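Engineer: Once you've had a glance at the structure underneath, I'll fire off some questions.
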Amino acid sequence: MQSLVISIMGKDKPGLVDTLAKCVYKHEGNWQGSSFAHMAGMFTGFVEVHVADENKQGLIDALDAIKDLSVQSVAVASSENNNTTKLTVDVMGNDKTGIVQELTSILNQFNLNILTFASHCESAPNWGSLIFKAKAEIAVPEDFDDGALQDSLESLANDLVVDITAKR
């Protein structure tokens, strides 16, 4: 079996995931996991599929032929399951230009790998401004000092609330 990571993007409309799922099923692929999102009228996401070597090229060709959908697929080796600790980092504060760059720069300074990252802004009616919220799952060494990370993140702004929880 070959593992394929498939990314998609297209104008949002009903049936996009179903079209993708039917294509994978028709080529005897096994859907391993996925993540999709709607943003600014576009639909985007990615899927990991296991497919037999003899069906791989047919699946790739069929994916490329899906109308009105930009599809990219990459064959990858089996994912490694190393025993690093995972931390979930939740951040909330007033929105400002550059906040994502500042957050990711600190994570990079600690040489941390971002496994997932999701962010959004929402209205704060009582404050008259936007509130920025982000959630990241990061891989850290077992002996990692998450207190130092929390201090560094909180130093970005006096209104930034940071919550770090371990996932073992």
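Engineer: Can you pull out the residues in the range 20-30 that are surrounded by 16 or more Cβ atoms within 10 Å (Cβ to Cβ) and outside any helix (DSSP H, G or I)?
Structural biologist: Passing the criteria: HIS27, GLY29.
Engineer: From ASN126, ASN108, ASN113, which residue is closer than 26 Å to GLY45 by Cβ and either basic (Lys, Arg) or out of contact with any strand residue (DSSP E or B) (no Cβ under 7 Å at 6 or more places or on another chain) (or both)?
Structural biologist: Working: ASN126 fails: closer than 26 Å to GLY45 by Cβ; ASN113 fails: either basic (Lys, Arg) or out of contact with any strand residue (DSSP E or B) (no Cβ under 7 Å at 6 or more places or on another chain) (or both).
Matching residue, one of ASN126, ASN108, ASN113: ASN108.
Engineer: Return yes when ASN113 is modelled with pLDDT of 90 or more and either under 14 Å from SER152 (Cβ atoms) or surrounded by 13 or more Cβ atoms within 10 Å (Cβ to Cβ) (or both) and no when it is not.
Structural biologist: Here the answer is no, as ASN113 does not meet what is asked.
Engineer: Which of the residues spanning the range 111-149 are part of a strand (DSSP E or B) and either at positive phi or charged (D, E, K, R) (or both)?
Structural biologist: GLU122, LYS133, LYS135, GLU137 - these are the residues of the range 111-149 that are part of a strand (DSSP E or B) and either at positive phi or charged (D, E, K, R) (or both).
Engineer: While we're here: So which residues in the range 150-168 are part of a helix (DSSP H, G or I) and either open to solvent by 50 Å² or more (accessible area, probe 1.4 Å) or farther than 23 Å from LEU130 by Cβ (or both), if there are any at all?
Structural biologist: Residues satisfying the conditions are GLN150, ASP151, SER152, GLU154.
Engineer: Let me ask something else about it. Filter the range 14-43 for residues that are of a type in the set (Val, Ile, Thr) and modelled with pLDDT under 95; which is farthest from SER119 (Cα to Cα)? Talk me through it step by step, then tell me what you get.
Structural biologist: Taking the range 14-43 and keeping what is of a type in the set (Val, Ile, Thr), we get 17, 19, 24.
Then drop every residue that is not modelled with pLDDT under 95, which leaves 17, 19.
Details: VAL17: 23, THR19: 28 Å.
Per the stated criteria, the residue is THR19.
Engineer: Over 28 Å from PHE132 (Cα atoms), within 18 Å of the chain's Cα centre (by Cα) and not in a strand (DSSP E or B): does that describe VAL17? First the steps, then the outcome.
Structural biologist: Details: over 28 Å from PHE132 (Cα atoms): yes; within 18 Å of the chain's Cα centre (by Cα): yes; not in a strand (DSSP E or B): yes.
Against the criterion (over 28 Å from PHE132 (Cα atoms), within 18 Å of the chain's Cα centre (by Cα) and not in a strand (DSSP E or B)), VAL17 qualifies.
Engineer: Output the number of the condition that MET9 fails; it satisfies all remaining conditions of (1) touching a residue at least 60 places away in the same chain (Cβ under 8 Å); (2) over 30 Å from CYS121 (Cα atoms); (3) open to solvent by 90 Å² or more (accessible area, probe 1.4 Å).
Structural biologist: For MET9, the exception is condition (2).
Engineer: Hey, another quick one. When ALA134 is evaluated against the numbered criteria (1) at pLDDT 95 or above; (2) open to solvent by 60 Å² or more (accessible area, probe 1.4 Å); (3) touching a Leu at 6+ places or on another chain (Cβ under 8 Å), which criterion, by number, is the only one it fails?
Structural biologist: (2)
The values are calculated or read from the model by the stated rules, or taken from the named source; none is laboratory data. Quick caveat, the model's predicted, so the values are computed rather than measured. No Cβ is skipped: glycine too gets one built from the backbone with ideal geometry, and neighbour counts run over all protein chains shown. Keep in mind that these areas ignore ligands, DNA and RNA; they rest on the heavy atoms of the full protein, side chains included. Shrake-Rupley method; radii C 1.70, N 1.55, O 1.52, S 1.80 Å.
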